[in-house]
Amino acid sequence: MKESSEQPLRSGTVAFVGRPNAGKSTLMNRFLPEKLAIVSAKPQTTRNRLVGILSEDRGQMVFYDTPGVHKPQHRMNRAMIKAAQEALNEADVICLLVDAGQPFGGGDEFMLSWIGDSETPKILLLNKIDRVEKAKLLPRIARYADTGLFEEIIPISALKADGTDIVLDTLWRYLPEGPGAYDPELLTVHPERFLVSERIREKVLAQTGDELPFATAVVIEGWEEKGDLVVIHASILAERDGQKKILVGTGGQRIKAIGAAARSDLEAYLSCRVYLDLKVRVERNWRENRRILTELERDVYSAGLT
Ligand SMILES: Nc1nc2c(ncn2[C@@H]2O[C@H](COP(=O)(O)OP(=O)(O)O)[C@@H](O)[C@H]2O)c(=O)[nH]1
Ligand SMILES: [Mg+2]
């Protein structure tokens, strides 16, 4: 039984938007009971709109983590920007994340005009303050305050959980009253297959350097459950033979390391033994290939849930 002094339940959606690498995925993971989004130091790590669900006694908050907004150069990138735009249009609150350690530039100016058309309440989160001197923060805050676009400006460190409780308390205040739409046990709407492919892709990003910035994708080719063992067949897509070479490494060393890291992560994540059969497949210019992009996109959402 709820006491009458309690606040009414609130529920709604929050979009995290911003330039690549601002820390959007790190922040969403921070608010969820379990890691959902993959994170890397490389730009364009997040490729789709990811849905994360937080259920607590205050209500239900649904996060949209989005791809960073950048100048699109491939069909894939145009789809990424579209995913960010849809999240922006549908959210009850927009959080613009900015890397406070980077100087304000053209990309930031563009973000302001991109979100500026929307009537939705906006909150600015100046992230990565663990890396910035306090004195340098004040002019940044003033710069954003002058735009008149934001209801709130909050300096945070998503990584160190500094200021993040304040963000959450603030966000609840902007959500409409009403019960949540999702089962409170649900963390997300994405199928396990997609989440597994993402976790493998995270290991690919972590184990490759600048020679392979964003040209990879991971496709789950097969999935069999044999008692407490799950056998997963997965392919890493490369755009060229040269990229395949990089992914495989001398004597297959790199793909072995990726596979080992992914397997141990997946065993913890799926709570069972995993046999991971990982291959590299060359698909020329897959970022322009409608068939492959459709195939990748199909795995992202379960039918009927979005
Ligand atoms: N120092 C610092 N690094 C952060 C912070 N938040 C995120 N990062 C790092 O910034 C990089 C990009 O983070 P990510 O969440 O993938 O950014 P996204 O592209 O906006 O989703 C990763 O290496 C993160 O560990 C922060 O508050 N402080
Ligand atoms: Mg991200």
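The values are calculated or read from the model by the stated rules, or taken from the named source; none is laboratory data. All of these numbers come straight from a predicted model, not from anything done at the bench. When we count neighbours, we look across all protein chains shown, and the Cβ atoms used for this are built from the backbone with ideal geometry, even at glycine.
Here are the numbers for this structure:
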{"item": "Total residues in segment 235-260, condition surrounded by fewer than 18 Cβ atoms within 10 Å (Cβ to Cβ) and in contact with a helix residue (DSSP H, G or I) (Cβ under 7 Å, 6 or more places away or on another chain)", "result": "2"}
{"item": "Condition broken by LYS71, with the remaining ones in (1) free of Cβ contacts under 8 Å to residues at least 24 places away in the same chain; (2) within 16 Å of ligand 1 (Cβ to nearest atom); (3) in contact with a helix residue (DSSP H, G or I) (Cβ under 7 Å, 6 or more places away or on another chain) satisfied", "result": "(3)"}
{"item": "Filter pass, VAL98 being touching an Asp or Glu at 6+ places or on another chain (Cβ under 7 Å) and not aromatic (Phe, Trp, Tyr)", "result": "yes"}
{"item": "Number of positions in segment 131-164 that are surrounded by 12 or more Cβ atoms within 10 Å (Cβ to Cβ), over 17 Å from GLY18 (Cβ atoms) and acidic (Asp, Glu)", "result": "1"}
{"item": "Test: residue in segment 76-86 that is within 16 Å of ligand 1 (Cβ to nearest atom), at pLDDT below 95 and in contact with a strand residue (DSSP E or B) (Cβ under 7 Å, 6 or more places away or on another chain)", "result": "yes"}
{"item": "Single condition GLY180 does not satisfy, out of (1) assigned by TED's automatic domain parsing to the domain that holds LEU32; (2) at pLDDT 95 or above; (3) under 22 Å from MET28 (Cβ atoms)", "result": "(1)"}
{"item": "Lone qualifier among GLU211, GLU202 - being out of contact with any strand residue (DSSP E or B) (no Cβ under 7 Å at 6 or more places or on another chain), in a helix (DSSP H, G or I) and not aromatic (Phe, Trp, Tyr)", "result": "GLU202"}
{"item": "Meets criteria (in the same structural domain as ASP92 (by TED's automatic domain parsing) and within 16 Å of ligand 2 (Cβ to nearest atom)) for PRO33", "result": "no"}
{"item": "Residue satisfying all of: in segment 20-36; closer than 19 Å to ALA217 by Cβ and without any contact (Cβ under 8 Å) to a residue 60 or more places away in the chain; nearest to ligand 1 (Cβ to nearest atom) among these", "result": "SER25"}
{"item": "Entirely in segment 13-119, the helices (runs of 4 or more DSSP H) that have 2 or more residues that are aliphatic (A, V, I, L, M) and surrounded by fewer than 21 Cβ atoms within 10 Å (Cβ to Cβ)", "result": "75-90, 106-116"}
{"item": "Index of the failed condition, TYR182 passing every other in (1) surrounded by 13 or more Cβ atoms within 10 Å (Cβ to Cβ); (2) farther than 18 Å from ALA91 by Cβ", "result": "(2)"}
{"item": "Search result, residues across segment 189-207 that are surrounded by fewer than 21 Cβ atoms within 10 Å (Cβ to Cβ) and of a type in the set (Val, Ile, Thr)", "result": "VAL189"}
{"item": "Residue list for segment 44-68, filter: within 12 Å of ligand 1 (Cβ to nearest atom) and on the phi > 0 side of the Ramachandran plot", "result": "GLN44"}
{"item": "All positions within segment 250-305 that are in a strand (DSSP E or B) and either touching a Lys or Arg at 6+ places or on another chain (Cβ under 6 Å) or outside the structural domain of LEU212 (by TED's automatic domain parsing) (or both)", "result": "VAL274, LEU276, VAL280, VAL282"}
